[in-house]
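Structure, as structure tokens:
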Amino acid sequence: MSRYRLQPSRAQEAALLEHCRHARFVWNLAVEQHSHWRPGTKSAPGFAEQCRQLTEARAEFEWLRAGSIIVQQQALKDFAQAMANFFGTTHRKPTWRKREQSEGFRVVGVKSGDVRRVSRNVGEAKIPKVGWVRFRWSRTVAEAKSYRVTRDRAGRWHVAFAAIPEPIPMPGTGEVVGVDRGVTVSAALSTGELLTAPTLRETERKRLLRLQRKLAKAKRGSNRRSKVKSAIAHLKARETDRRKDWIEKTSTDLARRFDVIAVEDLKIGTMTRSAKGTLAEPGRNVRQKAGLNRGILANGWGQLVTRLEQKAPGRVQRISPRFTSQICNACGHRAAESRESQSRFVCVACGHRANADVNAAKNIRDTVPGHGMAARGGQPLGEPVNRELQRDLLLVG
């Protein structure tokens, strides 16, 4: 998806919001129909039946008939695809769409003349029953047969064209890099580089704290509360944009520099699950766990690997994370005591000192099949082995 910032006029923004309401209404109706379905009962209506019901509803309700049939039918088609993904165990079950949180709609059947360039930095996209809407032409727009219009919590509009980008070619250097993801250091490379995802600046964090305190005191439904919520959303959107920009640049740089990229196979959804527990069995250290979850999500662990796999298909290796932070990369001795702190690693066997994250990244790199100790006939990761001695033996041999 190539996303661009839309610049609609006030009248166009009102029409776009109406499309979002119709798409959300149709989607939620489909969710409601499937929520009442139980195994062994009559099957829930499929896409064809829901389209027939939509036609009847448009004939009965003028406000729905005033909207675009393309937008409304596409919402049903997206829901059918979401249910197919759910039954295929690749995605979660589709849920309700909420106002100001899931605003957007998709348009298919885009022709070559529906997107045009007006000037150097301005383009236009043709949206049904809205007309030509301007967007910022920040880079070349690839030919696409569909696009999605979305509105984030900060009130910004975007258009994303569904086009599969060309993968980044392999550099052919034969180099392998290990990537260790963390909370303090977002990504540590086996080359010794420490990369950190940008967040809000100190002044912005203080302002966010003041706004959150104002929000807690503001009366629900008041204009003051809506203004404070909008200001908070703008700060959060700024942080999200910086993180996404960092992920794009980092993933592109890694795909261009290395033939194989090794990352830990982390179950992020399980790691960030809430620890509050139940009334019968309440959780422990809930606030600490919530802070850790926010730190994990703020560093974009999952997004980084997803973009790497899209830009370098077939060149990303997922490695088991077992003991990668406890093993000395110099001698192979495993001991939890070797990691003295978050950043310090001192081997209790050989005295090797290194940055703990970089040491883990090197262990991840050496676990890639055909590389490291496995390629040199050494023992698998996790078993004590004197790697310096084996290197000397190989040189002598």
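The values are calculated or read from the model by the stated rules, or taken from the named source; none is laboratory data. Small disclaimer: the values here were computed from a predicted structure and weren't measured. When we count neighbours, we look across all protein chains shown, and the Cβ atoms used for this are built from the backbone with ideal geometry, even at glycine.
Taking helices (runs of 4 or more DSSP H) that do not extend beyond segment 267-363, which have at least 1 residues that are at pLDDT 90 or above?
Once the helices (runs of 4 or more DSSP H) in segment 267-363 are filtered for at least 1 residues that are at pLDDT 90 or above, what remains is 301-311.
Have a look at ALA262, ALA255 and point out the one that is buried (at least 20 other Cβ atoms within 10 Å of the Cβ), touching a helix residue (DSSP H, G or I) at 6+ places or on another chain (Cβ under 9 Å), assigned to a helix (DSSP H, G or I) and of a type outside the set (Lys, Arg).
Values: ALA262 fails: assigned to a helix (DSSP H, G or I).
Every option except ALA255 fails the conditions.
Let me confirm something: among SER119, SER68, SER102, which residue is buried (at least 17 other Cβ atoms within 10 Å of the Cβ) and hydroxyl-bearing (Ser, Thr, Tyr)?
SER68
Please determine whether any residue of segment 73-80 is more than 16 Å from GLU32 (Cα to Cα), outside any loop (DSSP other than H, G, I, E, B) and in the same structural domain as VAL26 (by TED's automatic domain parsing).
Yes, segment 73-80 has at least one match.
Going residue by residue through segment 216-223, is there one that turns out to be modelled with pLDDT of 90 or more and either outside the structural domain of ALA187 (by TED's automatic domain parsing) or surrounded by 11 or more Cβ atoms within 10 Å (Cβ to Cβ) (or both)?
Yes, segment 216-223 has at least one match.
Okay, residues lined up against (1) on the phi < 0 side of the Ramachandran plot; (2) among the charged types (D, E, K, R); (3) crowded, with 16+ Cβ neighbours inside 10 Å:
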| position | (1), (2), (3) |
| --- | --- |
| ARG10 | yes, yes, no |
| LEU17 | yes, no, no |
| HIS22 | yes, no, yes |
| PHE25 | yes, no, yes |
| HIS36 | yes, no, no |
| LEU54 | yes, no, yes |
| ALA59 | yes, no, no |
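Could you go through segment 334-351 and let me know if any residue there is under 33 Å from the mean Cα position of the chain (by Cα), more than 20 Å from VAL183 (Cβ to Cβ) and of a type outside the set (Gly, Ala, Ser).
No, that holds for no residue.
Looking only at segment 186-195, count every residue that is outside any strand (DSSP E or B) and farther than 14 Å from SER325 by Cα and tell me the total.
4
Inspect segment 20-38 for any residue being in contact with a strand residue (DSSP E or B) (Cβ under 6 Å, 6 or more places away or on another chain), within 21 Å of ALA125 (Cα to Cα) and part of a helix (DSSP H, G or I) and give the result as yes or no. Before the answer, list the steps.
First, the residues of segment 20-38 that are in contact with a strand residue (DSSP E or B) (Cβ under 6 Å, 6 or more places away or on another chain): 20, 23.
Remaining after also requiring within 21 Å of ALA125 (Cα to Cα): 20, 23.
Of the ones still in play, those that are also part of a helix (DSSP H, G or I) are 20, 23.
Yes; the residues of segment 20-38 include at least one that is in contact with a strand residue (DSSP E or B) (Cβ under 6 Å, 6 or more places away or on another chain), within 21 Å of ALA125 (Cα to Cα) and part of a helix (DSSP H, G or I).
With the checklist (1) in contact with an Asp or Glu (Cβ under 9 Å, 6 or more places away or on another chain); (2) over 19 Å from ALA187 (Cβ atoms); (3) touching a residue at least 60 places away in the same chain (Cβ under 8 Å) in hand, flag the one item ARG334 doesn't pass.
Answer for ARG334: the failing condition is (3).
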